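What follows is a set of notes on a single structure, which appears directly below.
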Amino acid sequence: MSEKETQYFIEAYEEKRAALPGAGGWLARRREAAMDAFREAGLPHRRLEDWKYTDLRQTLEKAAFAPAPAHEGAVVLPGRRSASAFASIDRHVLIFVNGRYRADLSQVAHLPKGVELHALADVVHEQWAKDLVERRFDDARQAENIVDLNTALMSDGACLRVRKGVKLDKPLHLLFVAQDAGASHTRNLVLLESEAEATIIETHVGEVASFTDIVTDIAIGEGARLNHVKLQDEASDAVHLATMRARLAADAKLSSFALTLGCGVSRGQSFVLFSGEGAEANIDGAYALRNKQHADQFCVIDHAVPACTSHTLFKGALDGKSEGVFQGKVIVRPHAQKSDGRQMTHALLLSRDAAMNAKPELEIYADDVQCAHGSTVGELSKDSIFYLRSRGIPEDEARRLLVLAFLDEALDLTPHDLARDALKLLVSEWFGEVAL
Amino acid sequence: MAAVKETVETVGEIEKYKYGFFTDIESEKAPIGLTEDTVRFISAKKDEPEWLLKWRLAAFRRWQTMTEPTWAKVTYPPIDFQDAYYYSAPKQTAKLDSLDQVDPKLLETYEKLGIPLTEQKMLAGVAVDAVFDSVSVVTTFKEKLAEAGVIFCPMSEAVRNHPELVKKYLGSVVPTSDNFYATLNSAVFSEGSFVYIPEGVRCPMELSTYFRINEKQTGQFERTLIIADKGSYVSYLEGCTAPQRDENQLHAAVVELIAHDDAEIKYSTVQNWFPGDEEGKGGVYNFVTKRGDCRGANSKISWTQVETGSAITWKYPSCILRGDNSRGEFYSIAISNGRQQVDSGTKMIHLGRNTTSRIISKGISAGRSSNTYRGLVSVHRKAENVRNFTQCDSLLIGDRCSAHTVPYIETKNPTAILEHEATTSKISDDQLFYCMQRGIGEEEAVALIVNGFCRDVLQQLPMEFAVEAQKLVGISLEGSVG
């Protein structure tokens, strides 16, 4: 396949391969194989079931992203509130500009003993990094295949390893700034050994036409716990593609929450695999879109072993001509008895031209399970608006209150108190800009 | 205890697939395989007008360029479309004047099937069109229907006697290019029922068709077309069986329903094709396209299906809700046992204003079967005030079966209110224990509980069918416990 939009990435690979982390080692061979696979498959398009509602091929063809340049010197944070949303939280900060780590801007001091934090290039020779990069889930190949593009071109990323029983003292904040137009490919690796604990906050901001391709590979050991909060508020002509792959050992817990406010086209993919009994995963999120924004949430949870619990809730408010997508799948493997899988998606259409597509899927091969999914789409209830107005609240304010209350149910699931408050504030400000 | 006794009797009565017999009747077949000549042969056999032959050939040529759909959650060895007969008719082609002239062996077959074919034995008020392999054998109660102005006849007769209606409506809901199997059907369909209910008429009785595949290595491709003109009402039942065979037989039917202003069509199916033996050998491939078009305002189409048979079911009875205030309903029970595979569901396409739809799907899987609900609810931009409610519940019996739910929900209008719910569970030990401690055997208790689980759908069936369906539910699950 030698289509135009693929060509940009192939050329970027040819040009940079020697300078990419891991050159000459196993990773170079892995990159080569990934590039071959990508070249073969091309960019995903709507004829693939997993991409039924999001045409990445068309999107990237239109935008034609060249690689983003490495940015030196001072960085001006975008004026948006989201850039500093988490400023009041006591945290370690890693700053990435155009997808590259900038040590000079970051603030990481006194990491507890047993916490290792490196840039991608520094860990690629380590076995744990290799294991994470090479691992495939194969539950939704069409969706996972795009990770090949990242594997071939990943140039940097944050790699966190927390040793057995160690607790990361403060949240680790990864701030990604798109300063110049172009594509960046980032890979984060997270390994929590047994009984370890960590909180990661991730922010993506930018004012330029960027293509952010980010993959986060996670392994959570026995009884370990990871909280993950993500905020995406990039420019309206930016494209965001994020994939999270997490594997949970027995009694591990993952709580992830993603708020999507920005980007012209964004897609968040989550893959969760339970490999030990008693584990729990909460994959939740909210989105508020307007104009011609398009946001796709794709989520696959694989109950491969018995007695695990998963919970998914995505809520969105869609204004203007925006389009929301939810595609989810809960798989319960044979013998994975006592699985508990819940999957909910609710969307509010605030304008005549907004659209929502949902496909919550259950695939169940065991009988003693509790699985349920639900999906609703609709507009604000006229009765509720009337109720508030009858109590003297103006219509605009009534609508605002109702939408905020609607999104609050999801936002409440943010696994960090201060981060939750920050996200709620952002969402309420989002409504300040929208005439409901 | 009457109900219990009945269940015991039913379960005892039928140990195996009781419709698995084969009737030895001499038949006339088209040469094996599928070529343009086969299409011409069928068309000539039916003495069809030129336009219909052209229509068939166009479909056939299109079919040759198409590939089989693979998106459904079913697996089966590739089908050799050249290794089957596309036309088979009991040899006895002279026009029949009365039932007495029908081959007694055929009548016997239908009797075994429990179809009230002869008028004396008929359940009050059911008009039957029976299709044996590819040919419609007899249509009963014709005169009474004609009095009301209702046309109910085999498709081939409709082509002869009412060409203007057939020409106007055939392929208008399921176009020849619709999908692989519908296109195949368009090329080789040989029989089916045609129903036309004139304006303002409430069809005086339930209409019913029985389909049976008898001949070996044959496919059955019937085409049903039901038109309900303004303000009319019709209830239509369809039942199917096939003999037990080692090989797989293909059944690719197309059903088109058209409801004009204020009309209502109720279409019920009890599908009990041979499901194959316990090891998954044999059985019918049921690849069916069914679609209703609520063309007029205030029209209503309701699908009710009880799917217990077939090795593989691939079937999505759908409603296009074009007319304002029209309503679509889909009630389904899909039971799979042994190694059966079911991929079934519905599509509700909301185009008109104030259109409503309701989907109730109950999937029950036992043995090593797989049961998938796949449905689409789509609301177009101009469809104001759409309301949809979807509920799909799955019940798993045993730990080697599987149940899947794949709903698609697409909304482009904010005034739409769509709700989808799905649950998956097994029969609770409490319920089972409760029944058993009152002296009800395990298998029977399961049948009782399952019947309760299906109640919402069973209630939608016409009375005589509901009784039969209830029994079928019990029988299909035989051997699934213990």
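Shape analysis of region A:4-380 places it in the rounded category; the axes a ≥ b ≥ c from the Cα gyration tensor give an a/c below 1.5.
Under the membrane-span-like helix rule (DSSP H runs whose alpha carbons stretch at least 27 Å along the helix axis, mean Kyte-Doolittle hydropathy -1.0 or higher), chain A yields none.
Can you pick out the pairs among A:170/B:412; B:54/B:382; A:164/B:73; B:142/B:168 whose Cα atoms lie more than 32 Å from each other? Flagged as over cut-off: A:170/B:412; B:54/B:382; A:164/B:73. On the principal axes of its alpha-carbon atoms, region A:83-228 has extents of 42, 39, 25 Å, going from largest to smallest. The 3J(HN,Hα) values that the Karplus relation (6.51, -1.76, 1.60; θ = phi - 60°) gives for region B:328-344 are, in residue order, x, 9, 9, 10, 9, 10, 10, 10, 10, 9, x, 10, 5, 10, 10, 10, 9 Hz. Gly and Pro appear as x.
Using R₀ = 51 Å, calculate the FRET efficiency as 1/(1 + (r/R₀)^6) where r is the Cβ-Cβ separation of residue A:292 and residue B:143; round to 0.05. Once rounded, the FRET efficiency stands at 0.20. Antiparallel beta bridges, as assigned by DSSP with both residues in the protein assembly as shown, represent about 10 percent of the total such bridges. Once the C-beta distance of residue A:72 and residue A:109 is scaled by a Förster radius of 22 Å, the resulting FRET efficiency is 0.40 to the nearest 0.05. Would you please give the FRET efficiency between residue B:64 and residue A:61, computed as 1/(1 + (r/R0)^6) with r the Cβ-Cβ distance and R0 = 35 Å, to the nearest 0.05? Plugging the Cβ-Cβ distance into 1/(1 + (r/R0)^6) gives 0.60. Distance between the pseudo-spin-label points of residue A:421 and residue A:396 (7 Å out from Cα toward the beta carbon): 2.8 nm.
Need the list of aspartates and glutamates near residue B:167 for cross-linking: C-alpha distance under 20 angstrom, and skip anything on the same chain fewer than eight residues off. Cross-link targets: B:47, B:48, B:50, B:157, B:178, B:191, B:199, B:222, B:229, B:256, B:293. Taking label points 7 Å from Cα along the Cα-to-Cβ direction, residue A:141 and residue B:81 give a separation of 2.5 nm.
Listed from fewest to most Cβ neighbours within 10 Å, the set B:87, A:101, B:434 follows the order B:434, A:101, B:87. Along each principal axis, taking the top coordinate minus the bottom one, the Cα set of region B:255-369 gives 49, 20, 17 Å in descending order. The convex hull around the C-alpha trace of the protein assembly as shown, projected and averaged over every direction, spans 40.3 square nanometres.
Projecting the Cα atoms of A:188, A:384, A:311 onto the charge dipole of the protein assembly as shown (Cβ charges, centred on the Cα centre) puts A:384 farthest toward the positive pole. Charges were assigned to the Cβ only: +1 to each Lys and Arg, -1 to each Asp and Glu. The resulting dipole of region B:37-93 about its Cα centre is roughly 160 debye.
Annotation for region B:166-208: GluC sites (Glu not before Pro) lying in DSSP loop with at most 15 further Cβ atoms inside 10 Å of their Cβ are B:199. Secondary structure note: in chain A, about 5% of the DSSP beta bridges are antiparallel.
For residue A:266, nonlocal amide neighbours, meaning residues 5 or more places apart or on other chains whose placed amide H falls under 5 Å from its own, are A:240, A:294, A:295, A:296. Taken over the alpha carbons of region A:124-198 as equal point scatterers, the Debye sum produces base-10 log I(q)/I(0) values at 0.12, 0.20, 0.25 Å⁻¹ of -0.45, -1.06, -1.21.
Where a number appears in this text, it was derived from the coordinates with a stated rule and is not lab data. It should be emphasised that the depicted structure is a prediction, and the values quoted were computed from it without experimental measurement. Cβ sites come from the backbone with ideal geometry, for glycine too, and all protein chains shown count toward neighbours.
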